[in-house]
Amino acid sequence: MPERATGYEPATDERRERAVLVGVERVGDARPYAWDIEEDLAELARLADTAGLEVVGTVTQRLARPEAKTFIGTGKAEEVARLAKERNAGVVVLDEELTPSQQANLERLLPDVRVIDRTALILDIFAQHAVSYEGKLQVELARLEYQLPRLKGMWEHLERERLGGGRGARFGAGESQLETDRRLTRKRIAELKREIASIARHRETQRRARVGSGVFRIALVGYTNAGKSTVLNALTDAGVLVEDKLFATLDATTRRLELPMGREATITDTVGFINKLPHGLVESFRSTLLEAREADLQLHIVDASSPHAAARVTAVNEVLTEIGANERRQVLVFNKCDLLSAESRARLAAAWPNAVFIAAATGEGIDRLVERLAQEAARLDEPIKVTLPFSRGDLVSAVHERGTVVSEEHTPDGTVIIARVPHDLAARLEPFRRSEAEQG
Ligand SMILES: Nc1nc2c(ncn2[C@@H]2O[C@H](COP(=O)(O)OP(=O)(O)OP(=O)(O)O)[C@@H](O)[C@H]2O)c(=O)[nH]1
Ligand SMILES: [Mg+2]
């Protein structure tokens, strides 16, 4: 099977490979928070940097619709070729997902460089950052799915080199080699899907156990590098990896969290999202993202210092919709507030009145966040109406400590309390419940 998984391998020596970036500005993009081309390119440059490339130039093109055959126009492709040559770049990165034939056609127009797209770049970063067995399988699956329709182009390229570009190269032994490659790739894809499904079933069993326990479940979601892992570390002593790079976290980590009033919660940190997140990755990481879909609460962490915070909130919510996780209750948390001016903070607070403002790195606002989490957990409390005998002062105290008391009355039979309490306490109070009729 060919080793060129996505067409781009990070340089192994100290010298970073030089890359030219190509951004496409969509004319007439009517999305509510359209991304401007500068932001797109700045993000692509960060992706390229994270993947180990050195950005030596950028080219942009305004397009109403991509060219069917080559995505960018042929004139633009010539400009890219000239710049790549001038800057001695070996790679051209296009900020969109190219179809396999567009990629092959562009490579023909740019014979001296390798052409890769945004998807290949993101896939390579994921491959470099995958740590767990499951994460590695998920990334391999996404890469092979990406690679499968591109096998022909890659093979043709190799074969041309080997046979010096003779016409006959397309037929004969090579063709069957291609068929073998495709068959092996399909077989591996099927194996990976089975293995991932089996791990997902195991996780499902653990997850079910948590659902049944009545513990409040929180999922951290958000744009990559927003500070999700830092928030997890600030709330628990999870000690998970925090890094100033994109997609530092790929695996899901779940920790227990004690909330005020004796409420138990779990909080899960997982893979971050990005604008134009490749669909194949979302698919193969579906099981890891399940927690976001089933949690009682999503804590949506936003890098408040980004001038494009609002567009990123939209991008994250789009991915959540894609995985069917858009109906969960969500609290927006603006992080990195230490980097904000007072004016920007006031502006954000006015635009998002229900959001929480914190700086996870300094600990600022973490108490307020915990308080908010407790309030959110309390929303799921059960209403109860009980009569507690005077001998059960312990239960009366528990209701006061852990629940919200609506009314309390001392009667000859005991203390009659109407309150909202966590599920486990409600279960302990079950023997003392009184029906409406009894209460009179
Ligand atoms: N100034 C400042 N930096 C922060 C804050 N919180 C996190 N950071 C930094 O932001 C960067 C990313 O933080 P992470 O916690 O790794 O972000 P993440 O959302 O988990 O990112 P991925 O796992 O890569 O998607 C790190 O360099 C953190 O130190 C904050 O409150 N203030
Ligand atoms: Mg992280």
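Per-structure values
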| item | result |
| --- | --- |
| Residue tally, condition crowded, with 22+ Cβ neighbours inside 10 Å and either without any contact (Cβ under 8 Å) to a residue 12 or more places away in the chain or within 16 Å of ligand 1 (Cβ to nearest atom) (or both), over region 191-224 | 7 |
| Matching residues in region 85-100 - criterion: being in a helix (DSSP H, G or I) and without any contact (Cβ under 8 Å) to a residue 40 or more places away in the chain | Lys85, Glu86 |
| Residues that are among the β-branched types (Val, Ile, Thr) and modelled with pLDDT of 95 or more, drawn from region 201-223 | Ile218, Val221 |
| Residue pairs meeting the criteria (Cβ under 8 Å; at least 6 apart or on separate chains; first within 24 Å of Gly214 (Cβ to Cβ), in region 297-308; second in a loop (DSSP other than H, G, I, E, B) and charged (D, E, K, R)) | Leu297/Arg328; Leu297/Arg329; Gln298/Arg328; Gln298/Arg329 |
| Selection count where residues are without any contact (Cβ under 8 Å) to a residue 24 or more places away in the chain, more than 6 Å from ligand 1 (Cβ to nearest atom) and in contact with a helix residue (DSSP H, G or I) (Cβ under 9 Å, 6 or more places away or on another chain), scope region 227-252 | 2 |
| Matching entry among Ser198, Ser287 (being among the hydroxyl-bearing types (Ser, Thr, Tyr), away from ligand 2 (no atom under 16 Å from the Cβ) and in contact with a helix residue (DSSP H, G or I) (Cβ under 9 Å, 6 or more places away or on another chain)) | Ser287 |
| Matching option when the condition is touching a helix residue (DSSP H, G or I) at 6+ places or on another chain (Cβ under 9 Å), closer than 17 Å to Leu98 by Cα and at pLDDT 90 or above, among Gly7, Gly23 | Gly23 |
| Residue in region 72-81 that is touching a helix residue (DSSP H, G or I) at 6+ places or on another chain (Cβ under 6 Å), more than 24 Å from Gly280 (Cβ to Cβ) and surrounded by 19 or more Cβ atoms within 10 Å (Cβ to Cβ) present | yes |
| Options Ala398, Ala378, Ala374, Ala427: the member that is in contact with a strand residue (DSSP E or B) (Cβ under 6 Å, 6 or more places away or on another chain), under 18 Å from Met261 (Cβ atoms) and modelled with pLDDT under 95 | Ala374 |
| Matching entry among Ala325, Ala346, Ala310 (being within 30 Å of Arg143 (Cα to Cα), aliphatic (A, V, I, L, M) and more than 16 Å from ligand 1 (Cβ to nearest atom)) | Ala325 |
| Within region 268-280, tally of residues that are away from ligand 1 (no atom under 13 Å from the Cβ) and either without any contact (Cβ under 8 Å) to a residue 40 or more places away in the chain or of a type in the set (A, V, I, L, M) (or both) | 0 |
| Selection count where residues are touching a residue at least 12 places away in the same chain (Cβ under 8 Å) and farther than 15 Å from Leu220 by Cβ, scope region 324-335 | 1 |
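Yes/no matrix, rows are residues, columns are (1) closer than 30 Å to Cys337 by Cβ; (2) assigned by TED's automatic domain parsing to the domain that holds Asp296; (3) surrounded by fewer than 17 Cβ atoms within 10 Å (Cβ to Cβ):
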{"site": "Asn354", "(1), (2), (3)": "yes, yes, yes"}
{"site": "Ala359", "(1), (2), (3)": "yes, yes, no"}
{"site": "Leu369", "(1), (2), (3)": "yes, yes, no"}
{"site": "Pro389", "(1), (2), (3)": "no, no, yes"}
{"site": "Gly393", "(1), (2), (3)": "no, no, yes"}
{"site": "Val396", "(1), (2), (3)": "no, no, no"}
{"site": "Arg402", "(1), (2), (3)": "no, no, no"}
{"site": "Ser407", "(1), (2), (3)": "no, no, yes"}
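The values are calculated or read from the model by the stated rules, or taken from the named source; none is laboratory data. Remember, it's a predicted structure, so these values are computed and weren't measured experimentally. Neighbour counts are summed over all protein chains in view; Cβ atoms, including those assigned to glycine, are modelled from backbone coordinates with ideal geometry.
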